[in-house]
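Every read-out reported here was derived from the displayed coordinates using simple, explicitly stated rules and does not represent laboratory data. Please read these numbers as outputs of a predicted model, since none were measured by experiment. For neighbour counting, all protein chains shown are included, and Cβ atoms are generated from backbone atoms with ideal geometry for every residue, glycine included.
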Amino acid sequence: MREGERGRPGRAEAEAAVRLLLRYLGEDPDRPELVATPRRVVAALDEYFAGYGRDPAAALGTPMAAGEMRGQLVEIRDIAFASHCEHHLAPFFGTVDVVLRVGAHLPGIGHVAALVEALARRLQIQERLTRQIADHLERALAPEGLVVAVRAFHTCMALRGPCRRRAWLRTVEGRGRFAAAPEALVARLGLGGGAPEDRDRAG
């Protein structure tokens, strides 16, 4: 969406809003160290929320016909993502695991990662993000079975309220043959295991 479409504010208005927030915090937006902050914040927002300019369905490209690979179990692990909670505009980040029993089409690993990026780079809640990933994969690939497991660390819970700095959230969505008890496959394959920071340390 271009600036000005459907009443969307332009960049100058967005930067003015950041100046107003700085004043709300008790800061002086004309202080030399803060003069460029509104411009930097708006540029960062363009990057954080770039998913609004992307079509998630297009991210999956044109899937390949499965042919003799139909029925195979495919696992794609540890797709890193970063998003922002729509309740407090606070970041949350983690990993996505996808397991599918191949049906009509094969997934492209890079395309699945691009789908996650397109859906995560917008205001989200983790539960909806998990379901949206499953929706698009199911629609594009027609798998016999599908599980999407997302594990994430939420800064809104770490930096405000209860300040639980080690807590994480796991969400699971199952479809097709795995719809009845997706948690069983999650447990058997160890999906969504290990907090994001622990995985980073493991290399």
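When the alpha-carbon atoms of the range 31-153 are used, the pair Rg, Dmax equals 16.9, 66 angstrom. Assuming R0 = 30 Å, can you tell me the calculated FRET efficiency for the pair L123 and E27, based on Cβ-Cβ distance, to the nearest 0.05? The pair L123/E27 has a calculated efficiency of 0.75.
Note on the range 148-189: Cα-only Rg and Dmax are 13.8, 40 Å. Remark: the range 5-48 projects, on average over all directions, an area of 3.4 nm² (convex hull of Cα atoms). Exposure here means at most 12 other Cβ atoms within 10 Å; with GluC sites (Glu not before Pro) in a DSSP loop as sites, the longest stretch of the chain lacking them is 87-203. Between A17 and L169, the contour length at 0.36 nm per residue exceeds the Cα-Cα span by 51.5 nm. Between A181 and R77, the modelled labels are 2.3 nm apart [label points 7 Å from Cα along Cα→Cβ]. Computed across the range 1-89, the Kirkwood radius stands at 17.2 Å (inverse of mean 1/r, all Cα pairs). In a simple Cβ point-charge model (Lys, Arg +1; Asp, Glu -1; nothing else charged), the range 64-202 has a dipole of about 360 debye relative to its Cα centre. Exposure proxy ranking for F93, F81, based on other Cβ atoms within 10 angstrom of each Cβ and starting from the fewest, stands as F93, F81.
Distance between the pseudo-spin-label points of T155 and E86 (7 Å out from Cα toward the beta carbon): 2.0 nm. Each residue of the range 120-137 was assigned a 3J(HN,Hα) from its phi angle through the Karplus expression (A = 6.51, B = -1.76, C = 1.60, θ = phi - 60°), giving 7, 7, 7, 5, 9, 10, 4, 4, 6, 4, 4, 5, 5, 4, 5, 4, 5, 5 Hz with x at Gly and Pro. Give the order of V96, V35, V74 when sorted by the count of other beta carbons within 10 angstrom, beginning with the fewest. Sorted ascending by nearby Cβ count, the order is V35, V74, V96.
The phi-based Karplus calculation (6.51 cos²θ - 1.76 cosθ + 1.60; θ = phi - 60°) puts the 3J(HN,Hα) values of the range 157-173 at 8, 7, 10, 9, x, x, 6, 8, 7, 10, 7, 9, 10, 10, 10, 9, 10 Hz, whole numbers, x for Gly and Pro.
Between L45 and A104, the distance separating the two model label sites (each 7 Å from Cα on the Cα→Cβ line) works out to 4.0 nm.
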